[in-house]
Amino acid sequence: MTDSGAASKNDSAAADFDQIYRDGDTAGMSFERLPWDIGRPQPLLVQFEEAGRIAGEVLDIGCGPGDTAIYLSSRGYRVTGLDISPAAIDQARHRAVLRGITVTFEVADATSLDGYEGCFDTVVSSQLLHCLEPFQREAHVAALTRVLKPGGRLIQFSFTLGESAQFYRLFSISEEDLRATFTPPEWSIDTLQSGHMEGFKPPEQLMQRFAEHGYHPDFTEDGLMLLPVCVLEARRV
């Protein structure tokens, strides 16, 4: 694995995500709504599901407030959503009850995933990898290798924001990083391409910092910010 995300400029791995979900504060700023909490699954994930690329027992790792897991459960999959934040899991369980959807939500560490060995046919991962230090990514990928059944599929979206990632206290994940991480004999990459994820516009202070460093994100017609990501589909050999 390469270390293109410079840890000296990034403390996302030390972030208290439980506090973030409770208070709405991240990157040293107060957010009216957390940027990744758009209240529905990402369009990229919906495209994968509609194309038949999700199957069997599904793990939504780093599930946050649960919208992806709830969507997949509503489509007939048996889904487990795991997140390190108890506050996020509480929100996810509440949303599932409101929507009348049955999903298993539990608190778990994405770098270990103890107790889930060989349980899943598909893992979906949205906006998790870029929150992890390089050494944590190694442990996380090892954990994914254990929990996926042979032949199982990982579908993963991770930011590739370059230097602008540091303003969200994230690491920028490149295609080179992913090719160096998901390697034989454990993994085979089926898809690795660029894409965009949607998020709420951050405070103006952060937008100004983006502009000062030459980053000018695009927006959807309904005002959601489009953030560049690497789209990975990999097979557990």
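The values are calculated or read from the model by the stated rules, or taken from the named source; none is laboratory data. Keep in mind it's a predicted model, so treat the numbers as computed, not measured. Neighbour counts are summed over all protein chains in view; Cβ atoms, including those assigned to glycine, are modelled from backbone coordinates with ideal geometry.
So here's what we get for this one:
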read-out: In the stretch 85-115, residue nearest to residue 235 (Cα to Cα) [restricted to those that are in contact with a strand residue (DSSP E or B) (Cβ under 7 Å, 6 or more places away or on another chain) and assigned to a loop (DSSP other than H, G, I, E, B)]; value: 110
read-out: Residue that is modelled with the lowest pLDDT [pool: residues in the stretch 112-126 that are buried (at least 21 other Cβ atoms within 10 Å of the Cβ) and polar (S, T, N, Q)]; value: 126
read-out: Every residue from the stretch 126-161 that is touching a helix residue (DSSP H, G or I) at 6+ places or on another chain (Cβ under 8 Å) and closer than 15 Å to residue 57 by Cβ; value: 154, 155
read-out: Subset of the stretch 56-80 (residues that are of a type in the set (D, E, K, R) and in a strand (DSSP E or B)); value: 57, 60, 78
read-out: Tabulated pairs, the stretch 42-58, first closer than 14 Å to residue 123 by Cβ, second surrounded by fewer than 16 Cβ atoms within 10 Å (Cβ to Cβ), C-beta under 6 angstrom, 6+ apart or interchain; value: 57/78
read-out: Given (1) among the acidic types (Asp, Glu); (2) surrounded by fewer than 23 Cβ atoms within 10 Å (Cβ to Cβ); (3) touching a residue at least 12 places away in the same chain (Cβ under 8 Å), index of the condition residue 23 fails; value: (3)
read-out: Single match in 190, 177 (criterion: among the acidic types (Asp, Glu) and surrounded by fewer than 17 Cβ atoms within 10 Å (Cβ to Cβ)); value: 190
read-out: Counted residues, the stretch 110-123 - those being within 20 Å of residue 44 (Cβ to Cβ), touching a Lys or Arg at 6+ places or on another chain (Cβ under 9 Å) and of a type outside the set (D, E, K, R); value: 3
read-out: Residue that is surrounded by the fewest Cβ atoms within 10 Å (Cβ to Cβ) [pool: residues in the stretch 33-55 that are of a type in the set (Val, Ile, Thr) and in a loop (DSSP other than H, G, I, E, B)]; value: 38
